[in-house]
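The structure appears below as C-alpha cells.
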Amino acid sequence: MREAAALALGLWGTAYVVYLTAGLANDGAMAGFNYLMYALMAGFGLVPSALIYLTMSTTERMRLAPRLAVIGVCLVGTGLLHALNDSLLFELFFRAYRPRFAGTPLVRAMAGNFLILVWLHALYAAGVELVRSARATRERDRLLSEARAAAHQAQLAALRFQLNPHFLFNTLNAVSTLVVTHRNAEAETMIGRLCEFLRASLASDPQATTPLAEEMATVEAYLEIESVRFGERLRVEMAWPPELETAAVPGLVLQPLVENAVKYAVAPARRPVTIRVAAAERDGALALMVEDDGDAGELAADHAGTGVGLENVRRRLTALYGADCALEAGRVPGGGWRVALRLPLNRTNDARRAA
C-alpha cells in the first residue's frame, strides 16, 4: 500500500508540474487562480488512484480474463469521474476569472479530458501491477531462500548426527566385558569418555564451527574408547601447533576419518597400527590430516565412501565452504592410508571476542 501511495503521489505530482508548464506556455504569466485550479485537479487524481488500487487488490485472486475486465471497467469509470471533475473545475474557475473562455460544452470538455486521464489511470494501474509483481517475486525468492536454507541445515544435521551403531554396540560390549572381569576403573574411564564423545556429537549446532582444540579432544576421547577394545594394537599420535587451537573447524569433521582408520586399518591388523592426527597452517589455509600405517589400503579405498566415511565429510565440507575446501585421500608410500583436508583458516567467535 505504501508503494502504491508513493506511486500515486509521484504520478499526480508530475501531472501538476505538466499542467503548470502547459499553462505557462499558453498564458505566459499565469494568474494565481490557475495554480489553485491545477492543484485541485491533480489532487483529485488521488481519489481514482485509490479506487483503482482497491479494485486491483480485491480482484488479485480472480482469473486473468475476468480480472482484466473488472479493471478495465474501473479505469473507464474513474476516467469519466476524473474528467467530469476537471471539466467542472475548468468551468467554475473560468466563469469566475476568465468569463470569455467559459461556456465550453460539458460533454466536449469531458471527452477531451477523458482521453488524457484514462491513459494516466492505465499507467498507474500498470505501475501498481509491476510493484505487486515485484513484491510477489521478492517474497517467492525469500521463501525459496528460506526453504533452501532449511534443507541445507537439515542436510548438515543429518550428516552431522549420524552415529555408527556398531561403534556404540562395540563400546557398550567392551564396557560390559570390563565390568564382568572386574576391571571397574577402566570401565568407569571408558564410560566417561563415551559420555564426552556423545555430548560433543549431539550438543552443538550442525552448522556451527568448533575450535580445533575441542575437535582434537573429541577425537582423543573416541580413540581412547577404541584403545580399550584394541589395546596395544592401537597407537595414537596427535599434533597441532598452539596457535591453531582456536582455528574454526566443522564439529566432528575428523571423527569419521579416524573411525575409518580404526575400522579398516586397526581392526583387521595383527600388529600395532599407529593413527596420526595432525593440523598445520599451509599457504594461509588450515590443513588437517588423518593417517595410518596399516595394511588395509585397498580395503579402505573400497569402503571409504560408505557410512559416515569420506563421502559424508566431502558433502559437509562442500555444503559449508563450496570451492574453498579440498579433500584428498590415498595410500601412503610403504603402506597405510591418508586423508588430507584443506579448509579456510578462520577463528572461532570466542577467539575473536578474546582478541
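The values are calculated or read from the model by the stated rules, or taken from the named source; none is laboratory data. Keep in mind it's a predicted model, so treat the numbers as computed, not measured. Because the Cβ atoms are built from the backbone with ideal geometry, glycine has one as well, and the counts that use them run over all protein chains shown.
In the set (1) modelled with pLDDT of 75 or more; (2) assigned to a helix (DSSP H, G or I), the condition left unmet by Y19 is number (1). Within segment 274-299, the residues that satisfy the criterion of being modelled with pLDDT of 55 or more and farther than 14 Å from L257 by Cβ are T274, A280, E281, R282, D283, G284, A285, L286, D293, D295, A296. When each of A221, A261 is tested for being in contact with a Gly (Cβ under 8 Å, 6 or more places away or on another chain), at pLDDT 85 or above and not in a loop (DSSP other than H, G, I, E, B), the lone residue that passes is A261. Among the residues of segment 319-348, none is identified as farther than 17 Å from R282 by Cβ, modelled with pLDDT of 85 or more and of a type in the set (S, T, N, Q). For segment 238-251, does any single residue satisfy the condition of being out of contact with any Phe, Trp or Tyr (no Cβ under 9 Å at 6 or more places or on another chain), part of a loop (DSSP other than H, G, I, E, B) and modelled with pLDDT under 85? Yes, segment 238-251 contains at least one residue that is out of contact with any Phe, Trp or Tyr (no Cβ under 9 Å at 6 or more places or on another chain), part of a loop (DSSP other than H, G, I, E, B) and modelled with pLDDT under 85. Considering segment 300-318, the residues that are crowded, with 18+ Cβ neighbours inside 10 Å and of a type in the set (V, I, T) include one that is modelled with the lowest pLDDT, namely V308.
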